[in-house]
Amino acid sequence: MPTPKEDLLQGTLDLLILKTLALEPMHGYGVSLRIQQISEDVLRIQQGSLYPALYRLEQRGWVTYDWAVSENGRRAKYYRLTDQGRRQLETETESWERLSTAINRILRTA
Amino acid sequence: MFGFLVRLMRGCRDLFGSKTRFEAEMDDELVYHLERVIQENIESGMTPAEARRAAHVSFGGVTQIKEECRDTRPMRLAREAVQDLRYALRLLAKSPGFAAVSILTLALGIGANTAIFSLVDAIFLKNLAVPHPEELVIVEAFHGEEGRNFSYPMFRDIAAGQQVFSGIYASGGAEFSRISVEGIGELPSAEAVQGRFVSRDYFSTLGVNPAPGRAFGQDDQEAVISYGFWQKQLGKDRSVLGRVITLNQASFVIVGVAPREFSGESPGNPVDLWIPIDSQPRIEQRDLLEVRTATWFRTIARLKPDVGLRQAEAALTALYRRLLADEIASGTGSLIHKAPNPEEARIALSPGGKGFSWHRGRLSQPLWLLTLVVVLVLLIACFNLANLLLARASFRQREIGIRLALGAGRLRLIRQLLTESLLLAVLGGAAGFCLFFLTRGILLTLASVQLDLRPDWRILVFTAGVATVTGVIFGLVPALQATRLQAVPSAPHSVGARASRILLPHLLVTGQMALSVVLLVGAGLLVRTLQNLHEFNPGFDSENVLLFELKHEDTTGQGVTGILPEQVLERLNALPGVRSAGLSGASFFSGSMNTSPVRVPDSRVNPDADAELRTERVSAGYLDTVGMRLLMGRQLNPGDRNVAIINSRMAKRYFPTENPLGKLIYFPRLDEQRRYVPFSSNLEMEQAVEIVGVVGDAKYDDLRQATPCMAYLPLTPGPTAGCSVVLRAATEPGNLIEPIRASLRQLNPSLSVGGTRTLEQQVGETLNGERLMTQLLSFFGLLALALACMGLYGLMSYSVARRTREIGVRMALGARRSHAVGLVFKQTLLLTLGGVLIGLPLALVATRLVEHFLFGVKRSDPGVLAAAVGFLILMAALASYLPAWRASRIEPAVALREE
């Protein structure tokens, strides 16, 4: 069992989950799998953080869920973005880009 | 918006729906995830067992994840509260006996508090149901320290001259002897109908709009009726509007019905109908409207919004002094003896938003005392509950120990235990409220007030508040106590925990006993008082004596007008079953009296010059009928004039050594306004009466008051418009009333008989306050004792159960059964004596509050104290009888095999 290669910045997990769900509705397992795949195994998300995060996002009204039959034929809880979640994703992406540009600039010049 | 609704619904389901929905979804979701990981592991080449293990390891603690997920949800406290509530409900349902006893105990305690509060609220706290009650003020005049009401002419002058009120009105009582309504006929109980003479601005000042119908117009022949009167007497018939109602012999048109929530400005004395004050001369014999000597109504006003109380008082005082000076100058002043100094006169305004009520003076002390008593009862109930919960907690030690060991927070556990006691309190409060609702009629009868004690939000809020406080009081200590032990299930056997655990229940029971002693002593003192008052010889004999008022109503306007005393007495004495009869001006023992300045020049002792003598005009046979003994001289005879019979006290005061017979008493003359003309220096000019007899002293208004000096004078000769009759019958006089009515109507159809009651009732009414207090205090005293005994019984049963083993050992070693019984009784006695030792000093202090109710008994009366203590010990012994019996039945073999 590989340990996570990178610790996630506080708040970044929410952004990642929102981005993942923006592509298509997905269950919890799918979310963690997709993040892992897209980051080419750099980012692994502990279930212990994933589910509380999903519940928190749902509580804030950024995601909601439906139960649907999944690819393996079982019923799974599919999360999807709400309109509010979509707006949130935009703002968070923007601020993340600002932040990372700034950090990159510092790294390059220093 | 829609999303919000979905979340709201999910939230509600979360809170109150089955907990399984949220939990099940979470479980399903996590299981799904776990299965996918296992599958993934298998696909990567692990065996199913390895795959499962690896998946679980990677997952970490599922319980923790769940807990974290749960914590993200809002209203965690609320959700936990609901969870606690369910748990508490399940626990209660599992022990219905415990639930029933606790709820009943609380219902009694809380119900008593609700009942007393409802009275206090209705009489003392509630505002009148009118707009802006805070603007209303009661207007009174003061001459020096002496308060007085206005005469109607003075009221009119003030109303016309003032500029501080937006409205001002006069309101005085009206009584009727006959009422008939067009289309309905004569109403059966005219005397019970409360009428009110009110000035024209009454409804507009109060801001009350009669509906259906309207307020008075300018016509003084219009009447407004109350909702209660409309409903009870007139069948809520809308067509009564516009019909004629005849009061005595005056006719009025019913123009409106007052709103249901408004029944006049005197809580406890609802008004049935209002009539214009200008109609007073048509209802009553005497025209009071132009007389500056008659004060017979209250004055209430509404301050203009921008005028302060003090400012208004100053303006009114100036106005009143001016008017008073004019009045004195014109010689029409309202004062009998002393001419007032206008400079000493002032107007005082007091807040009138709660109306005025004579019940306030009458009931304030009893209610204040009862409030204290019901709080004590509730406290005893709390102690009981606390003890029950402590006993229960000892059975739950294991459960609580385990939960603490599993990491439950102490605060969380206390919260859960408190939820249980609050649930009990709320159920008890609800039951108490029902109890109050069912018994409020009895309460009103006891307090002899007429109130509409419909439960409203104020009473509900009060009950809920009391229940909550109660729940915390009786729940907190057991909760703290139960969660204090170490998180080790075996803790119950440790000695330290046991000592504090056993001490507290004993203290609580001792406290209950102490409070019971206080209440029992109070009740005992009042019972003694009532006995003393009943056994006391008042100087007259009330057995089989009937009282009634006789009125002559001039319906024809011709012939002889008035009652001829000789004729009436002849008629009454002729009735079978009548022993004797007599007439008097004012009713016997009714509190109404005449006093007059007198001069007694024959007396060597001349008490102060301003001496006033109480007088009563009576017919021949009167003194004999009420049972006052003649000590010297003769009785009054028909046709006597200018003679008097004095009482023993007067004889002793004025003629301590001489024979009073034949001495003269001088009374002043009256002018045409019926005011006394001051004595002239030559007493020969005045009216003299000769003392012809002396009767024994008697009580005249109140059994407690000292007997005043009294002179009985013959009735003024000739017909009279009204008088009071006393009549002694051979047997119970109740069934004489109809024959009397018939006989007197036959004599003269204009005569009406009213206010019939026995002398015993008349005297009994003056003891209403004492009776109310005695009944309620006895009831609550017994209730408190019953609760305390329940507590004692519970404690002793528990204690016997706990000591089974010890007692078994003692018996195995040869102790007799009586020894086991002795153990229990000894403990009971110690607890009770402890209660007595604390309770007696408390009682001696607390009974100060009832001191002024007492009659013929001291607060420290040894008989009462001994009776209270003896009764307490007896009841305590009874309560511990069953546990003692159980202790004596313990079989050593069985007891030793236990545990």
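Annotations
- Subset tally (residues that are surrounded by fewer than 20 Cβ atoms within 10 Å (Cβ to Cβ), in a helix (DSSP H, G or I) and either more than 9 Å from chain B (Cβ to nearest Cβ) or at positive phi (or both)) for the range A:32-48: 4
Yes or no, residue by residue, for (1) in a helix (DSSP H, G or I); (2) under 59 Å from the mean Cα position of the chain (by Cα); (3) within 11 Å of chain A (Cβ to nearest Cβ):
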position: B:Q39; (1), (2), (3): yes, no, yes
position: B:R52; (1), (2), (3): yes, no, no
position: B:E68; (1), (2), (3): yes, yes, yes
position: B:D71; (1), (2), (3): yes, yes, yes
position: B:P74; (1), (2), (3): no, yes, yes
position: B:R79; (1), (2), (3): yes, yes, no
position: B:D84; (1), (2), (3): yes, yes, no
position: B:A88; (1), (2), (3): yes, yes, no
position: B:L91; (1), (2), (3): yes, yes, no
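- For the range B:685-699, the set of residues classified as at pLDDT 85 or above and in a loop (DSSP other than H, G, I, E, B) consists of B:G696, B:D697, B:A698, B:K699, listed by residue number.
- Criterion: without any contact (Cβ under 8 Å) to a residue 12 or more places away in the chain and out of contact with any strand residue (DSSP E or B) (no Cβ under 6 Å at 6 or more places or on another chain) - qualifying residue of B:K94, B:K126: B:K94
- Condition met for A:Q88 (within 15 Å of the chain's Cα centre (by Cα) and either in a strand (DSSP E or B) or within 14 Å of another protein chain (Cβ to nearest Cβ) (or both)): yes
- Residue count for the range A:49-81 under the criterion of being at positive phi and at the interface with chain B (Cβ under 9 Å from one of its Cβ atoms): the result is 1.
- In the set (1) within 14 Å of chain A (Cβ to nearest Cβ); (2) within 30 Å of B:V426 (Cβ to Cβ); (3) exposed (fewer than 14 other Cβ atoms within 10 Å of the Cβ), B:G97 fails one condition alone, (1).
- Strands (runs of 3 or more DSSP E) fully within the range B:196-314 that include at least 2 residues being free of Cβ contacts under 8 Å to residues at least 60 places away in the same chain: B:222-225, B:250-257.
- Residue match in the range A:67-79 (condition: assigned to a helix (DSSP H, G or I), basic (K, R) and under 30 Å from B:Q39 (Cβ atoms)): no
- If you filter the range B:173-195 down to residues that are surrounded by fewer than 20 Cβ atoms within 10 Å (Cβ to Cβ) and part of a strand (DSSP E or B), you find that the one that is nearest to the chain's Cα centre (by Cα) is B:G173.
The values are calculated or read from the model by the stated rules, or taken from the named source; none is laboratory data. Computed from a prediction, not measured in an experiment: that's the story for all the values here. Glycine gets a Cβ as well: all are built from the backbone with ideal geometry, and neighbour counts include every protein chain shown.
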